[in-house]
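The values are calculated or read from the model by the stated rules, or taken from the named source; none is laboratory data. This structure is a prediction, so every number in the text was calculated from the model and none was measured. Neighbour counts run over all protein chains shown; Cβ positions are idealised from the backbone, glycine included. Calculation scope for accessible area: heavy atoms of the full protein, side chains included, ligands and nucleic acids excluded. Shrake-Rupley method; radii C 1.70, N 1.55, O 1.52, S 1.80 Å.
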Amino acid sequence: MSIPFVKAQGLGNDVVIVDEAHLPSGFELNSENCAALCDRHFGIGCDQLLLVKQLPENEHDGARFLMRIFNNDGGEVEQCGNGARCAAVYIRQRMGFCESPIRVRTMRATIELVICDDGSVRVDMGVPRRSLPLRSGGERSETFRLVGSARRRSEKAASSRERAEQGLDVLDIIDGDLIDMGNPHGVHFVRPGVDLAACARVYGLAVERTVAESGLNASFAAVVDPHVVVLRVHERSVGQTISCGSGACATAVAGIARGLLRSPVRVVFPLARGGFLDIEWSGDGKSVFMTGEAQLIFDGVFPVPKPRREATFAGAASVVSSGRLAEAETEVEIERPEFATSSSALSRSRSAAEL
């Protein structure tokens, strides 16, 4: 049995798209199978996997498609802006759906996708919420501050000289805005003179894990002018990625709310070869609109993932003198090298070495 798929990319954020109708009978695309498909060494390889399903016309929210989103560790997530644009192109070109807008239901909301005349895709990402529940106590907050031990542990990744050269020594705190785009984001605007890439590398994991109850996608932004911002994103459970659509939206919302940016905002991703997304937001209670390119790269089929064959060691008793695993889950032969252990054997070894 095999699974038909399409590989796609939006600003270098690569996704694998699977039509649920084409899954083999009885096969469940669960977390383990998703991780196997996403694996860049043993699978197809991607940042996210999208499972798309066409819905009946009479759905209560008007959605015509359901989209489930899985990160490459197999965990299901709420939103993916770049993936949404890829899904729009897939639905039009592969599923033959020509209505506009395309209404797609995700875990958290129903979004609208419009394919523009130039081939770019405009996505209504919904109304953002400028707060998230904090890890300590679960109370909602509009901002975060990374101080104390969590910040210092992050800084151990860089030497004091490196921090000085990259401007990180001026950062007594890492603070920013918490934005709910259907998935959680923390946005930090770097000060002038601070190296954006170094800031994301050193502090990304700490912001992801220590601030919000659900974990965070950590965005680090440098404002160029009121309509342009440069962005690097450390995505939850993934790490630093080439681009992030929902992160671009969250950054634009935070910047506009702070008075640092004005709509429309062009968000530039250095790792995406200078690629960008255009974000529009007119204020609280209004939807965020994201426009950018998406491309289907190739079609393929992948064998249904099989259970991984691994040697498992339950303890010393698992290994017997013959070199075979006792009661192991798989047949695994262990090479047992010959070692000279007797005094005579050791003497012969020394004599041979002296010749």
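Quick notes on this structure:
- H60 vs. criteria under 28 Å from R232 (Cα atoms) and free of Cβ contacts under 8 Å to residues at least 12 places away in the same chain: no
- Of all residues in region 226-279, those being in contact (Cβ under 8 Å) with a residue 60 or more places away in the chain, closer than 15 Å to L216 by Cα and open to solvent by 50 Å² or more (accessible area, probe 1.4 Å) number 1.
- In region 80-114, of all residues being β-branched (V, I, T) and open to solvent by 30 Å² or more (accessible area, probe 1.4 Å), the one that is farthest from N217 (Cα to Cα) corresponds to V114.
- Index of the failed condition, L37 passing every other in (1) open to solvent by 10 Å² or more (accessible area, probe 1.4 Å); (2) of a type outside the set (S, T, Y); (3) within 17 Å of V238 (Cα to Cα); (4) in contact (Cβ under 8 Å) with a residue 60 or more places away in the chain: (1)
- Hey, V77 open to solvent by less than 40 Å² (accessible area, probe 1.4 Å) and modelled with pLDDT of 95 or more or not: no
- Lone qualifier among N13, N30 - being at pLDDT below 95 and either surrounded by 18 or more Cβ atoms within 10 Å (Cβ to Cβ) or aromatic (F, W, Y) (or both): N13
- Qualifying residue in region 107-116 (condition: at pLDDT 95 or above and assigned to a loop (DSSP other than H, G, I, E, B)): yes
- Among the residues of region 117-145, those that are open to solvent by 70 Å² or more (accessible area, probe 1.4 Å), of a type outside the set (D, E, K, R) and at pLDDT below 85 comprise S136, G137.
- Long-range neighbours under 9 Å by Cβ, at least six apart or interchain, first residue closer than 14 Å to G239 by Cβ and outside any helix (DSSP H, G or I) within region 201-221, second acidic (D, E) and at pLDDT 80 or above: N217/E235; A218/E235
- Consider region 175-200 and keep the residues that are of a type in the set (V, I, T) and not in a strand (DSSP E or B). The one that is modelled with the highest pLDDT is V190.
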